[in-house]
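What follows is one structure encoded as structure tokens, with my remarks underneath.
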Amino acid sequence: MAMQIPKRKKAAFAHEEDGDTVVYLTPAGLKSLEAEITRLDTIDRPRAVKDVSEAVQKGDLSENAEYQESRARLTRTEGRIFRLREKLKRVELIQKTDGQQTVQIGSTVTITGPNAEKTYEIVGPEETDPSKGRISFRSPLGAQLMGKKKNDEVTLTIKGETTTFTIARIK
């Protein structure tokens, strides 16, 4: 029995990015997204369907907590698959190019500041991980860096403290 997913209104996804927004991913990020969809499709969904089926066989569904939980898990799994497939439709791969003159999505930028030198890779919001030096082009620093050139200065104010950085390298 195939289950239909109800059509959802955009307001239902208010906590997520706009459904028409481009999703910028590196090749590794795309591979990870595709792997998650495959796992959900081939492992999680069949397991959830089996659990629902087994719970149905146990009798009265109105008071069957096992059925209610397995049904909710199946619904969550179906919803996640739907959202990921919709996201996959909007993916634009981040292509690194050598000899970049300006900072853009996919650039690796080294900045120097008053206390240290730091290197960041500019990625989309989906792959942001500041602890690994990956910042979003929408983050305060990422947005300031976009379009800048080597030796340009970037001023960032955080919690009332203003710091100036200089772009040392762009890869």
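Against the numbered list (1) surrounded by fewer than 16 Cβ atoms within 10 Å (Cβ to Cβ); (2) under 18 Å from the mean Cα position of the chain (by Cα); (3) free of Cβ contacts under 8 Å to residues at least 40 places away in the same chain, Thr97 comes up short only at (2). Considering (1) free of Cβ contacts under 8 Å to residues at least 24 places away in the same chain; (2) surrounded by fewer than 16 Cβ atoms within 10 Å (Cβ to Cβ); (3) in contact with a Leu (Cβ under 8 Å, 6 or more places away or on another chain), the lone condition that Asp51 does not fulfil carries the number (2). Identify, please: which residue in segment 56-106 is assigned to a loop (DSSP other than H, G, I, E, B) and polar (S, T, N, Q) and is, among those, modelled with the highest pLDDT? Across segment 56-106, the extreme among qualifying residues is Gln104.
The set of residues in segment 55-88 that are among the charged types (D, E, K, R), farther than 25 Å from Thr26 by Cα and either surrounded by 13 or more Cβ atoms within 10 Å (Cβ to Cβ) or in contact (Cβ under 8 Å) with a residue 24 or more places away in the chain (or both) comprises Glu66, Glu69, Arg71, Arg73, Glu78.
The values are calculated or read from the model by the stated rules, or taken from the named source; none is laboratory data. The structure displayed is predicted, hence computed values, not measured ones. We place every Cβ from the backbone using ideal geometry, glycine too, and count neighbours over all the protein chains shown.
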